[in-house]
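Below is one structure; the comments refer to it alone.
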Amino acid sequence: MTSVLPCAPSGSEPPRRRKIQLEAYLRIARSLRRISRVMNVLTDEELDRLIPLLTERRFEARQLIFAAGELPDRVFLLLKGRVKLYHISDNGKEVIIDIAARGDIVGDTAILEGEDHTIYARALDETVAIMICWDDFFYFVQRSPALAFTMAEIMARRLAGVQRTVMSLVSKPVSGRLADALLDRVSDGHVRLGLTHEEIGQTIGTSRETVTALLSRFVALGAIEPAGNSYRVVDEALLRDIARGAVSVSPRHPARKQPATPKS
């Protein structure tokens, strides 16, 4: 366990070199605080101690970052790209439990639990991250109440997200789960999937073929329509009815508009 953390270079450095290094530290600190809630809770002194410990790492699209069963030794803060966190079931299928994006922390759960990784992490896109070794990260968590509280909040939200996913899997038909997934990705009236149909299936517990068929049914019903690489939401109320199970949509049968409910 690290007991003394290295600070920024001491005053023995030549003044000009020291000034350049400090300016670089300040740029990094401002950038980290801008994109990461975790970094934003650290004091200036804590950031000054942290930044020299960080290393940049780049991952190609689809590159494995870590695997279940591996000993955790790094924590990653994403600066660019997306990372899928997933399990592999006994039958060999991937089950996506989360998609981490810019500003998110990856690899912290296993370290804080004191166990090997229980999930896989794989870059979805070209990804840039800064990483810190686990003992240095744990040092900061132990000594910064604000950081410890923030990490607890992040983990609580993750747990709540997993619980919602489990409840959805056991209580909703696949069409409702897909409608939920689309609604979660709506921005300015458009659904930007950002995932392949297979990966969407992995997040809602179904197959690629079912996702493709249901998207076609949603289009036929008039809930959404294709818009380039995304979908435009045409009837959000209908999509929400599908999500809550009020409108049933089958991937095996042609979609038909529901008859209008008579007004009293």
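The numbers here are math on the coordinates, done by the rules we state, and not lab data. Small disclaimer: the values here were computed from a predicted structure and weren't measured. As a convention, Cβ positions derive from the backbone with ideal geometry for all residues, glycine included, and neighbour counts pool all protein chains shown.
Expected output is a single nm value to one decimal: the length gained when fully extending between T55 and I154, i.e. 0.36 nm times separation in residues minus the C-alpha distance. What is it?
33.4 nm
Report D for the stretch 172-243 in µm² per second (integer): Stokes-Einstein, Kirkwood Rh on Cα pairs, 4 °C, 1.567 mPa s. If you can, show how the numbers build up before the last one.
On the way: Rh = 11.8 Å.
Here the translational diffusion coefficient equals 110 µm²/s.
Could you pull the Cα extents of the stretch 54-168 along its three principal axes, largest to smallest, in whole Å?
Sorted from largest, the Cα extents of the stretch 54-168 read 42, 33, 24 Å.
Ordered by packing density, taken as the mean number of other Cβ atoms within 10 Å over each peptide's residues, highest first, how do 52-60, 36-44, 155-163 rank? Intermediate values should be presented prior to the final figure.
Working: 52-60: 13.9, 36-44: 16.7, 155-163: 11.6.
Ranked from most to least packed, the peptides come out as 36-44, 52-60, 155-163.
Once both labels are modelled 7 Å past Cα along the beta-carbon direction, what's the C133-S250 spacing in nm?
6.1
Please sort by residue number the GluC sites (Glu not before Pro) in the stretch 79-168 whose DSSP state is loop and whose Cβ has at most 16 other Cβ atoms within 10 Å.
Working: sites: E94, E113, E115, E126, E153; in loops: E115, E126.
Sparse-neighbourhood loop GluC sites (Glu not before Pro): E115, E126.
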